[in-house]
1. Report the residue count in the stretch 265-296 for those that are under 28 Å from the mean Cα position of the chain (by Cα) and not in a helix (DSSP H, G or I).
2. Restrict the check to the stretch 354-371 and report whether at least one residue is within 31 Å of the chain's Cα centre (by Cα), open to solvent by 20 Å² or more (accessible area, probe 1.4 Å) and free of Cβ contacts under 8 Å to residues at least 24 places away in the same chain.
3. Report yes if some residue within the stretch 121-137 is under 22 Å from the mean Cα position of the chain (by Cα) and at pLDDT below 90; otherwise report no.
4. Go through the stretch 316-333 residue by residue and tally those that are among the aliphatic types (A, V, I, L, M), without any contact (Cβ under 8 Å) to a residue 40 or more places away in the chain and closer than 14 Å to Val276 by Cβ.
5. Can you pull out the residues in the stretch 50-106 that are in a helix (DSSP H, G or I), among the hydrophobic types (A, V, I, L, M, F, W, C) and surrounded by fewer than 19 Cβ atoms within 10 Å (Cβ to Cβ)?
6. Could you check, for the stretch 419-432, whether at least one of its residues is of a type in the set (Ser, Thr, Tyr) and either in contact (Cβ under 8 Å) with a residue 60 or more places away in the chain or touching a helix residue (DSSP H, G or I) at 6+ places or on another chain (Cβ under 7 Å) (or both)?
7. I'd like to check something: does the stretch 159-178 contain any residue that is under 30 Å from Asp244 (Cα atoms), surrounded by fewer than 20 Cβ atoms within 10 Å (Cβ to Cβ) and without any contact (Cβ under 8 Å) to a residue 60 or more places away in the chain?
8. Would it be correct to say that Asp40 is more than 27 Å from Val624 (Cβ to Cβ), open to solvent by less than 20 Å² (accessible area, probe 1.4 Å) and in contact (Cβ under 8 Å) with a residue 24 or more places away in the chain?
Amino acid sequence: MELLGTGSNILLIVLGFGLLIALHELGHFLAARWAGIRADGFAIGMGPVVASYRKGVGLRFGSCDEVVKARTGKLPIQLSDRELEEQGLGETEYSLRLLPIGGFVKMLGQEDGNPAATSEDPRSYGRTPVGKRMVVVSAGVIMNLITAIVMFVIAFVVGVRFEAPIVGAIAPGSPAAAATASGEGRERIEPGDRVSSIDGTPTLTFSDVMIESAMSVPGRPLDVTVDRPGREQPLVFTIEPEFDQATDMRMMGLLPASSTVLGSDPILLPYLAEVVGEEAAAELLGARITEVDGTPVDEWTQFDRLVDDASGSRVTVTFQPKPAGATPVVIPLEARPELESIPDPTADRGPEQGLIGLVPLVRIEDVPAGGRNADVLRAGDVVLRIADVSAPRMNEFRAAIQDRPGRTIPMVVLRDGRPLELQVSVDGNGMIGVLPGAAIDVPRTANPIDAARMVATPIAPLRLLPGTTIIRVGDRPVSNWGDLRAGLLSATNPARNAGESTEVELAFLLPTEGAEPTVESIVLSAEDIEALHALGWTPPLPSNWFEPLQTTLTARGNPIEAVAMGFRQTWRMIELTYLTINRLVRGSVSVKQLHGPVGIVHIGTKVADRGMTYLLFFLAMISVNLAVLNFLPLPIVDGGLFLFLVYEKIRGRPPSIPFQNAAALVGLALIGTLFIVTFFNDLGRLFGVG
């Protein structure tokens, strides 16, 4: 289980977050000095004082107040301006506090948590004109916005890399998979399409695609405009995103494109070794595919297309290892057969992948180190039973887990050729912390999709049991799903050429004690046969093993353009923050998406790995969020205080002290609730509690 990241990254994010808060408070402080308000303290952090400085006392550990009181018999706040001057003391103590979770400016006659703490001193907050106090209250927000603009400008001058808005895959059964382009062609979205805009808003990165999808409103489809290589006119698709339980967001089903650079994480090694061998696997981590059968490639989709064009024949793939000047590595690879998308009316999670109604068993592809079931499950385990479901399909496997949050459920897996009974722990969000896939190397079928389940498939009349082993198709023995597909293609080839239906002989073994092999015939219609022969091939190196295809947002060294981009991005983030609040209230964005301080640090440590410019971009986004949230019309925060000043300007007097006290309590309760919710969300993401 990866918690927060490296210590250096945590320190970078904590310091960066502390800097944003310090600049926010500096805005209040500078405005207070401009307004003539006496500021007794300027603190970074909360809690006990670690170190402080006051003119006339100097720098010391702990607070300067003790020294001042010992010298004058009074606390600094109790001394008049004249007394401070006579003693050679500055009016402000600058302090660093123990907890790096905030900061404050202590102004005479103003305490957020105690509205009754007023003062009649001419330099007090309450005696300052309302207009100047409005400037003081809003100065922190303005400073955060200025900080964001500056950070965005620096990032854009250098250039920030993001995932490109190019489609890598379309999730089967998703809204995007069903969408057709407006116009005569009625074309569908394809891998390699570049999303240029959504509802007229330009999409510069794939994050923009995800944001527009997540922020969509139920009942309001999105107009998605894409550019397709080799086509002059753009295509427009009308897509209404659907709520996705796995991400707790509204999604269209578009997945980002991958580059041809293999990931460098050692976790890939055992999977890569299965494809290229142990000796070559270590050398290829981080390597880039440059050619397939002599044809240059730049994107994974090109790699995929060339493998598909080979129609199952071996392809020769050239890798350029990571070290500069390293000798290229040439490896022959065998393609994997694609499966059909079979509608599954028993689930709302989309279609299953299989052939003629047969569906592969579920295979555990990855068990991340430190996960809640890392000492129970292993990569390569094939699921024979979970809870009360025998040989579950992928949808049934996920449903069995998601329907039992916070529980321990029994599971039987096939490991090293033998069944093994296990107890698997489910977290509060209905997750077990593994990556499931299709066990296409095992010739057993999961719970078939047939007429009994309201879908007419070719194998429906056989009423096969879950866990049935397929032995032979036609004349071809079956040892995996590639053999099964090859047997079906061979047996149906004459009928396909004639455009007719045909019967195919299927030999299988039911999962019952003492069962003997059974031979039956199934009828494949001309449509079934055509669908089988339309299936392609996919590389043995899946797209999620590769680094994302990236694009760089940059002003190309033009400072004026960088400033313009900085202002545009800041305004965009302001809009998105308010939009997120709106969607939370309307319910189309889940509260589980909110992050607290722990979650921000967790994300930030991953951001820090992507380089300093992306870290600056991330901190700029946080700075905009701080500005917007601080200026919401809620008690305690700057926006609520600003509203009180508007009331005072109109009525000629501030709200009553009892009202301000009640509002302060409400504000504290709201902020406390938000902190608890976000902290709980953060713990759920880190530790899998729910």
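1. Here the count works out to 6.
2. no
3. The answer is no, given that none of the residues of the stretch 121-137 is under 22 Å from the mean Cα position of the chain (by Cα) and at pLDDT below 90.
4. Number of matching residues: 2.
5. Matches in the stretch 50-106: Val67, Ala70, Ile77.
6. No, there is no match, as no residue in the stretch 419-432 is of a type in the set (Ser, Thr, Tyr) and either in contact (Cβ under 8 Å) with a residue 60 or more places away in the chain or touching a helix residue (DSSP H, G or I) at 6+ places or on another chain (Cβ under 7 Å) (or both).
7. Yes, there is a match, as at least one residue in the stretch 159-178 is under 30 Å from Asp244 (Cα atoms), surrounded by fewer than 20 Cβ atoms within 10 Å (Cβ to Cβ) and without any contact (Cβ under 8 Å) to a residue 60 or more places away in the chain.
8. Here the answer is yes, as Asp40 does meet what is asked.
The values are calculated or read from the model by the stated rules, or taken from the named source; none is laboratory data. From a predicted model like this one, the values you see are computed outputs, not experimental measurements. Ideal geometry is used to build each Cβ from the backbone, glycine not excepted, and the neighbour counts take in all protein chains shown. Ligands, DNA and RNA are excluded from the accessible area calculation, which covers all protein heavy atoms including side chains. Shrake-Rupley method; radii C 1.70, N 1.55, O 1.52, S 1.80 Å.
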